[in-house]
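The values are calculated or read from the model by the stated rules, or taken from the named source; none is laboratory data. What you see is a predicted model; the values in this text were computed from it and never measured. Cβ coordinates were reconstructed from backbone atoms using ideal geometry, including for glycine residues, and neighbour counts include every protein chain displayed.
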Amino acid sequence: MAPPPEYIWNHRIHQQWAKEDLSFWRLAFFPRYQRVSVLETLEELLQEEEVSSYAIYEALGLFDIFLRTWLPSQSMERFEKSLNEALQGEYLQLMESFTVTRVLRHHVWDSGDGLAEPPAEILQNRFSDPEIDEINRRAISEERRIDLETQKVIGELPEGEGVKFFTIITSPVYSTTFGAQTRLEKDLLQILDESGIEEPSLYAGSGFGRFVLMGRAPTEEFFEIPRLVTKINELGIYESFTARPYTHICAAEKVLVLTDRILTQEAVGEVDVAQLLRQPESRELEVKASVRLDFKAWLSAYREEPEEREDEAEEDALELVPRDVVANEGVIKAAVGMLNTNGGQILIGALERKRKFGQWRAEDHPLLADYPKDGDYVIVGVNEEERFLKKGIEGFRNQLQEILTSRIEPSPAGLISIFDYEFHGKTVCVLNIQPSTSTWFYRFLGPKEPVKFYVREDGRTVAYAGSEADNYKRAHSRA
C-alpha cells in the first residue's frame, strides 16, 4: 500500500487544472468481506482507470469501504460500471455514490474566513508538466514546498489520531428550495465550528445524501461524535429538507490508502472557444448569453432618447437583472435535451450578432458597443452575472452547479462539467455534457410545476410528452 503523502493539492487545482470532480463511494460486501483481496482489486482498478488521487477508508457497520476519488470530468458513469464489474467477484452487495458540487469546509484549507485557494494567476496559468511531475513525486526543495504552501497550491496533511467518521445528511423526496439549503448549510457550518471536532470537512452534492461531513475525534472523546450528530438531527426540517444524519465510523485511525497527484497536461482535454464559436448550433452545441440575466428584455427595452420611454416599467427594464425563467427556458432546457440525446456542449457568454432586439441587431446595439465581437457572436461573458454573486467566477460556478442539480431530475452530477475560459477579455463558461447510458432526465422545477422531457433535434431543444415521449424512449432504449 502507498504511504500517505506529506501534502495534498488544493481542490481548486484539481478542478481547474486537472478538470476533475470529487466523488465518494460506499461499498458493502455480503456474505463476506474479504479485506485483502478487496483492497488489491480496488487499487488495481484505480490504476487501470488512471485515477491519480484517491483515499480508501475502512468502515464499521453495513458499509465496509468508503472510497474518495478525484475523477476526470464526465467519467463517473464509466468508472461506476468498471467498479461494479471489478468487485462482483468480491461479493459486492451495495454500491452508492455521492458527487461533490461544492467543497464548503476542508480542514487543510480553512482560512478562518472561508476556504483558502491559490491566487487567480496560478489557477489560470497551469504549471508545466515537468514541474507538476516533480511536485507529484515530492521531489521539490524545502524552499519550493514552503512557497507552494504559502500560495495554497499544496497543503500539509496532518497525522491525526483518534476516531475518523463520516456523517451523511440525507436527501429529501423532492428537490429543496435554494433558501432551505442555504440555511441548512449555514447551520451545519456553525455546528461544525462549535463542535470541537478535529479535521472537519463538509461537502455539498448529490447522491446518497445532500451533505457529507467528515471529522476526527480523539479516542477518549468518542462521544463528541454522537453529540455532533444529535445537534444536526435537532435542526429538523427546512421546507421538506430533512436534516437526518447517518454516521459511519472508520475501523482504523489511519486511511488505508491515500495518494494525491495531478494529471499531466496531455491527459486533460481543453476547449478551443474560438473554434467552438465558429461552428453552427447543432444537436451537440448550444450558445447562450447568460444563465439567468435577461439580455432580451434589457436590449429590447432600450431607447436612444429618454423621453421616448413610456413609463416606469420600461425604465426598470433598462436594468440587466437575473430571472429564473431565463435559466429554466435556456440552460436547463438545453442541458436536459443533451442528456437525453448524444450529450454536447453549452457555451455561455455569447450572443448572436444578427439577432434583433427592437430596432437594432446585437452587433450594432448601443448597449453592446463596448463588447468584443468574434465571428458570428458578440462576447458578453458571464462577468455581468458575477456582479450579483459574492465570490466572482467561483460564486457563479457554485450557483450554476446548484441550478443544474436542483432543477434536473434525477441529478446529473457527474455527467455535466463546468469550465471557464478567458476570451477577448471576458470570462465565458462551457458546460460539457455526457449522456447517460441508463437514465432519462427531466426538467423539474418543483412539485407544483409540470415535469418536462426534452430532446435535442438539430440546433434546437424540443419537448416530448405522452406517447411521443414513450415512442422516443423505445426507439432510443437505455439499458
So, restricting to strands (runs of 3 or more DSSP E) that lie completely within segment 114-213, which ones have at least 3 residues that are among the hydroxyl-bearing types (Ser, Thr, Tyr)?
198-207
What's the total number of residues in segment 420-479 that are without any contact (Cβ under 8 Å) to a residue 12 or more places away in the chain and of a type in the set (Gly, Ala, Ser)?
5
Would you pick out the residues in segment 443-479 that are touching a helix residue (DSSP H, G or I) at 6+ places or on another chain (Cβ under 9 Å) and closer than 22 Å to residue 282 by Cα?
443, 452, 453, 454, 455, 456, 457, 460, 461, 462, 463, 464
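Identify all residues within segment 114-141 that are within 24 Å of residue 198 (Cβ to Cβ) and crowded, with 17+ Cβ neighbours inside 10 Å; write none if there are none.
Filtering segment 114-141 down to residues within 24 Å of residue 198 (Cβ to Cβ) leaves 114-117.
Scanning segment 114-141 gives 115, 117.
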Six or more apart or on different chains, Cβ atoms under 9 Å: show the pairs whose first residue is in segment 52-65 and closer than 11 Å to residue 33 by Cα and whose second is surrounded by 18 or more Cβ atoms within 10 Å (Cβ to Cβ) and among the small types (Gly, Ala, Ser).
65/59
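Take residue 144 and decide whether it is among the charged types (D, E, K, R), touching a helix residue (DSSP H, G or I) at 6+ places or on another chain (Cβ under 9 Å), surrounded by fewer than 15 Cβ atoms within 10 Å (Cβ to Cβ) and not assigned by TED's automatic domain parsing to the domain that holds residue 394. First the steps, then the outcome.
Details: among the charged types (D, E, K, R): yes; touching a helix residue (DSSP H, G or I) at 6+ places or on another chain (Cβ under 9 Å): yes; surrounded by fewer than 15 Cβ atoms within 10 Å (Cβ to Cβ): yes; not assigned by TED's automatic domain parsing to the domain that holds residue 394: yes.
Judged against the criteria, residue 144 is a match.
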Looking only at segment 258-283, and only at residues there that are farther than 28 Å from residue 341 by Cα and either in contact with a His (Cβ under 7 Å, 6 or more places away or on another chain) or among the hydrophobic types (A, V, I, L, M, F, W, C) (or both), the one that is modelled with the lowest pLDDT
263
Please determine whether any residue of segment 432-445 is of a type in the set (Ser, Thr, Tyr), touching a strand residue (DSSP E or B) at 6+ places or on another chain (Cβ under 9 Å) and within 20 Å of residue 469 (Cβ to Cβ).
yes
